[in-house]
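Working notes, beginning with the structure itself.
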Ligand code: ATR
């Protein structure tokens, strides 16, 4: 029952109608018997400042932020976490005592998902495909956990500048790679695809070159979760490597946001089950 005490959170994005977050969070609130609701909040580009003022006025407890507002919210926040600062994007806002506090749970969510899949990145080496916003969260968090990295991107200059930024933080060895063909694949333990290549409806596309092998000792994490089993993950499975689908990161970034808002440990298993029930788009 929604009553006078119901606490509100939601998702600020444009568009938001296909998001899985409302289902995931409302299922979690129900499971813990919390009188909270998670609402879709479509906010057109250019109206972010007004929207945030509205959330404050309406006593929202927080929001998730998604495309295209993850950077646009930053100038309007009172405080921003060190991770969000380095990543350059905010995906979670906590509203406390009339203040807007920006966080980024994408990187930590990714880390929780790979750990849940049985991969501990400390002392290992990863190859990250892509150098956009999602890559920044992955690369920063992996580097923080002591994982060395090679970054490969279609636009080589972007991989170079991300690697340089990470080198300046002195967390772990990070190098840009312009040619995958010249890389010693045996040195690598984890492959992460942060590009949208392979996402529905382009399900036949694969971010890994057809002519290159995929070593059997690799763990292969695809941030794409629609379809659940991407072409890359199929190829990994066929090569005897360990494929891990992108749903775990979605669950864990949500679970971490849930904890920031409510102070309670999120029922991650229940959140995952809510997503598992979601009908996968054809393909
Ligand atoms: P996100 O926030 O989801 O990471 P983004 O910042 O636009 O989105 O970054 C998308 C990443 O996927 C980039 O690394 C992009 O490569 P470029 O820097 O060369 O644009 C990569 N990407 C997108 N489409 C791609 C494609 N068809 N082939 C290879 N890489 C692609």
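Mind listing just one residue for me: the one in segment 56-68 that is surrounded by fewer than 23 Cβ atoms within 10 Å (Cβ to Cβ) and within 16 Å of the ligand (Cβ to nearest atom) and, of those, nearest to residue 46 (Cα to Cα)? Filtering first and then ranking leaves 68.
Considering 57, 31, 51, the condition of being over 22 Å from residue 196 (Cβ atoms), at pLDDT 95 or above and in contact with a strand residue (DSSP E or B) (Cβ under 7 Å, 6 or more places away or on another chain) is satisfied by 51 alone.
Looking across segment 185-206, the residues that are more than 18 Å from the chain's Cα centre (by Cα) and either in a loop (DSSP other than H, G, I, E, B) or within 22 Å of residue 137 (Cβ to Cβ) (or both) come down to 188, 189, 201, 202, 203, 204, 205, 206.
Only one of the numbered conditions (1) within 16 Å of the ligand (Cβ to nearest atom); (2) in a strand (DSSP E or B); (3) surrounded by fewer than 20 Cβ atoms within 10 Å (Cβ to Cβ) is violated by residue 101, and that is (1).
Given the criteria part of a helix (DSSP H, G or I) and surrounded by 16 or more Cβ atoms within 10 Å (Cβ to Cβ), does residue 160 qualify? Please lay out each step first, then the result.
On the way: part of a helix (DSSP H, G or I): yes; surrounded by 16 or more Cβ atoms within 10 Å (Cβ to Cβ): yes.
Considered against the rule, which asks whether it is part of a helix (DSSP H, G or I) and surrounded by 16 or more Cβ atoms within 10 Å (Cβ to Cβ), residue 160 comes out as yes.
Taking segment 104-137 as the range and being within 11 Å of the ligand (Cβ to nearest atom) and assigned to a strand (DSSP E or B) as the test, the residues that pass are 128, 129. Restricting segment 138-157 to residues that are assigned to a strand (DSSP E or B) and within 11 Å of the ligand (Cβ to nearest atom), the residue that is surrounded by the most Cβ atoms within 10 Å (Cβ to Cβ) is 151. Within segment 52-75, being under 22 Å from residue 107 (Cα atoms) and assigned to a helix (DSSP H, G or I) holds for 74, 75.
Let's see how each residue does on (1) without any contact (Cβ under 8 Å) to a residue 60 or more places away in the chain; (2) away from the ligand (no atom under 16 Å from the Cβ):
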site	(1), (2)
25	no, yes
33	yes, yes
37	yes, yes
48	yes, yes
75	yes, yes
80	yes, yes
91	no, no
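Taken over segment 176-209, residues that are surrounded by fewer than 14 Cβ atoms within 10 Å (Cβ to Cβ) and in contact with a helix residue (DSSP H, G or I) (Cβ under 8 Å, 6 or more places away or on another chain) amount to 3.
Look through 223, 212 and report the one residue that is surrounded by fewer than 21 Cβ atoms within 10 Å (Cβ to Cβ) and within 16 Å of the ligand (Cβ to nearest atom). Steps first, please.
Details: 223 fails: surrounded by fewer than 21 Cβ atoms within 10 Å (Cβ to Cβ).
Just a single option satisfies the conditions, and that option is 212.
The values are calculated or read from the model by the stated rules, or taken from the named source; none is laboratory data. Computed from a predicted model, the values in this text were never measured in an experiment. Backbone-built Cβ (ideal geometry, glycine too); neighbour counts: all protein chains shown.
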